[in-house]
Amino acid sequence: MKSILRGGNRVLISKSTNVYTNLALERYLAENIKHQPKTRLLLLWRNQPCVVVGRYQNPFAESDIKYLSEKQIDLARRYSGGGTCYHDLGNLNVTIVTTREDYNRKKNLHWIVNTLNEAFNLTLHVTDRDDIFLDTFKVTGSASRLERLYAYHHFTLLINSYLNDLRRSLKSEDQMKITSKATSSVRSSVLNLADRNNSITYEKTIALLIEKFFQWNNEKTTTSCDYIDPLLYYEHIKDFENELKSQKFLYQVTPPFVYTIEHEKQPIEISVSNGIITDIKGNDSIIDKKNFLGQLFHGVYHNIQKLNKT
Amino acid sequence: MMLGRYAHNNAALRCATFSLRMLQRPSSSFSQTAPFIYTFKKQTNIVPISSLNHSISHFGCRSFSLSSSRLSSVVQFKLADIGEGIQEVEVKEWYTKVGEHVKQFDKICEVQSDKANVTITSRYDGKILKLYYNVGDTAKVGEPLVDIKLEQGNNIPVETKISSVTPEEPVEVEVLNKTPSVNLLATPAVRRMAKELQISLNDVQGTGKDGRILKEDLLNYKSEASSAKAISTPLKSTPISPPPSPITMKQTPTIKTQPPSTTPVADRNEPIKGIRKAMVKTMTQANTVPHFTYSDEYDMTELVKLRQQLKKQSKDIKISYLPFIIKACSQALNNYSILNAHVDAKCENITYKGSHNIGIAMDTKDGLLVPNIKNVQQLSIMQIANELTRLQQLGKVGKLSTTDLTGGTFSLSNIGAIGGTYAVPVLLLPEVAIGALGKIVRRVVPDEDDDENSSSSSSDDDYCSCRVRSIMTVSWSADHRVIDGATMARFSNELKYLLENPLQLLINQ
């Protein structure tokens, strides 16, 4: 059997729907596969409901943390930059991995647009911000990561997602309260592909992409397509997976920010750096600083919420 | 290379370009350069070169600059072109700081440009003197990102004069070859050491960054020459289990006065690669699981007769015993579903697998692999036989797919096809049971009458009637953390019953 890490034009479909596993797998494959010039690796995956924030984003500013924990929607931070996405089984994740030199986001997006337009009779187009829009609605979110030897471009494709859950999860009350240099998402109205053409399904889309992928890369056969069970590579990806799941990576890697609340009509500014509350400016007599200084912000978040507007 | 391009436009650095190219990784594009000798000095406290902050003026500094007057030691490392026509990026994170030493390919910083994160790595070995941006600032492509003070040394002859202050570490020498190997990363010091120890760098596994070969690697290789691993072998984690036959050897010592004169034959060293390497990993893992083995003998006579009958009836049906055994296992597993289960790595959860995906250890073109037949519970014996043939044929040409090789829930090893009777098979994680089928041998067994009376009446144990039967030994190994001996024994008994009474097998399909 050929090795899982061989280079060349290939398609791999992940059997897992756990966002942490899939992100870890994506990074493992990108870092370890012997990428050959002028070839591409296509990774197809999808996740159980979750919200994925970009590497340098602030999860509190991007999503409703409380809602996520109530509905048991996972929160994850990915290694690539960009904005926040909501994933569920109706949202297809596509990653294209190449050598650093062959990285070309526009080419990838144009390939997708052409393929989907032709097969499903749609009118998708690529915007300057490298998003794919259907008329005025956004249907994908892109992000990339460029390292010395490899680069990957991944994006989501809204096929049949629960848009209400999407909107609800990505709505953040804290957006106005947070000042920071973190990347903030640019929000747009979204649409499912299936809403425009109800014959489009996840299965059809995958089959279409696999076939067209090999054509695009001038391969005569589609045999280099495999399902991959990340469980088998657990030993290799567990470090990444543990990092992705850790509180540290989820919260403490957030760029420094100031969280402002109103308590008894007075503004209180809470400075957070590396996830830890480093300073509180406000009326000293109102709040007991000891409870918060030095604490992990995400740990005392609920207490802070209680103070707000009281 | 990137710096070279910009340097051409920058008169101040033009003189540095030629020599800076020398400092970069040697590659085949430099084949036209004349080899020249220069030294690298490792950073130490005493070596004068690095001591910019030292107020004492060093004799070393003078001669250093003399011999390498063309080399300017501080380099402005510029932000290289990111692609996609991007002119500006935001600096998101620094991985280094002023005063820190970096090696080539170490991470310097992370920049972000509209959804693309780029990791910028260093081109040089040296010390960071200046960071041009803070986190959150906008950096421009083509503009300086950091200043690096390069680490350099003198030519050999001059060096002896300088060492009135002897450096703590030995001075390293490199000769730039015209055709160095492109994929081997190793500092000049390491290369020299390899030469001295007469080790070929191709044989050494690098454990440094990007597979770089370090001094420790050379030392390890030297002391453990036989266990050197291949440099860039992709790791195959597909599960495999070798069926070992225990070999007991008795050596009777004979006393002689002198050994016969012989000439020793050279050893042959070979890095462990491919499937064997994967075996090392999976076997080591499996070894952490407490195994127990349970063996028994099955009377296969009826099955042998059945098979001969089938052969007579249809000359072109080729069916071996294995499909029958596989089907029988599946039937028995219906009653002992715990043997068709997976445990997780920490043995905290047991998953009773619904499908019986029975794996068969095969000696394929690539080595020992265990493809599995999916959903045996739904297949007829003929279908199992066909599937087995398909897998065997694929295995012969090395074309077994991932699907074939994954998802197994229970495994069998037909080592008896080659030979052997008893074995202690090693589990194929995360499965919990595995069987090794020995050879079917013709054996004489005493007649066992159903009524006990006859045996008690014949007090003459020396005389008894006997028959010749076909006996197959089977050895089962199971995960003793979740499977107990009684379960295994009862399963084996049920299987035994099915195989000894093949009709039962056919009725219950």
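The values are calculated or read from the model by the stated rules, or taken from the named source; none is laboratory data. Remember, it's a predicted structure, so these values are computed and weren't measured experimentally. Quick reminder, even Gly has a Cβ in these numbers, built from the backbone with ideal geometry, and neighbours come from all protein chains shown.
The figures follow:
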quantity: The range B:99-109, residues that are within 10 Å of another protein chain (Cβ to nearest Cβ) and either in contact with a Leu (Cβ under 7 Å, 6 or more places away or on another chain) or not in a strand (DSSP E or B) (or both); calculated: B:105
quantity: Residue within the range B:316-337 that is over 35 Å from the mean Cα position of the chain (by Cα), among the basic types (Lys, Arg), farther than 18 Å from residue B:387 by Cβ and at pLDDT below 90 present; calculated: no
quantity: Sole exception among (1) among the polar types (S, T, N, Q); (2) within 10 Å of chain A (Cβ to nearest Cβ); (3) under 26 Å from residue B:188 (Cα atoms) for residue B:112, by number; calculated: (3)
quantity: Strands (runs of 3 or more DSSP E) within the range A:94-187 that include 3 or more residues within 12 Å of chain B (Cβ to nearest Cβ); calculated: A:142-146, A:150-158
quantity: Qualifying residue in the range B:110-132 (condition: of a type in the set (S, T, N, Q), within 29 Å of residue B:211 (Cβ to Cβ) and modelled with pLDDT under 80); calculated: no
quantity: Filter result (in contact (Cβ under 8 Å) with a residue 24 or more places away in the chain and basic (Lys, Arg)) within the range B:89-131; calculated: B:92, B:97, B:103, B:123, B:127, B:130
quantity: The listed residue being more than 13 Å from every other protein chain (Cβ to nearest Cβ), within 29 Å of the chain's Cα centre (by Cα) and of a type outside the set (Phe, Trp, Tyr), out of B:432, B:397; calculated: B:432
quantity: Candidates B:337, B:355, B:330, B:314 - the one that is more than 15 Å from residue B:408 (Cα to Cα) and of a type outside the set (A, V, I, L, M); calculated: B:314
quantity: Any chance residue A:3 is in a helix (DSSP H, G or I), surrounded by fewer than 24 Cβ atoms within 10 Å (Cβ to Cβ) and of a type outside the set (A, V, I, L, M, F, W, C); calculated: no
quantity: Subset of the range A:10-66 (residues that are without any contact (Cβ under 8 Å) to a residue 60 or more places away in the chain and touching a Lys or Arg at 6+ places or on another chain (Cβ under 6 Å)); calculated: A:41, A:52, A:53
quantity: Residue check, residue B:394 under 23 Å from residue B:334 (Cα atoms), modelled with pLDDT of 85 or more and surrounded by 13 or more Cβ atoms within 10 Å (Cβ to Cβ); calculated: no
quantity: Qualifying residue in the range A:23-35 (condition: of a type in the set (Lys, Arg), closer than 28 Å to residue A:225 by Cβ and outside any loop (DSSP other than H, G, I, E, B)); calculated: yes
quantity: Elements of type strands (runs of 3 or more DSSP E) contained in the range A:222-284, each with 1 or more residues being closer than 19 Å to residue A:181 by Cβ and more than 14 Å from chain B (Cβ to nearest Cβ); calculated: A:257-263, A:266-273, A:276-281
quantity: Filter result for residue A:70 (surrounded by fewer than 21 Cβ atoms within 10 Å (Cβ to Cβ), over 21 Å from residue A:150 (Cβ atoms), in the same structural domain as residue A:102 (by TED's automatic domain parsing) and at pLDDT 90 or above); calculated: yes
quantity: Extreme residue, nearest to the other protein chains (Cβ to nearest Cβ), among residues of the range B:115-131 that are among the charged types (D, E, K, R) and within 21 Å of residue A:146 (Cα to Cα); calculated: B:115
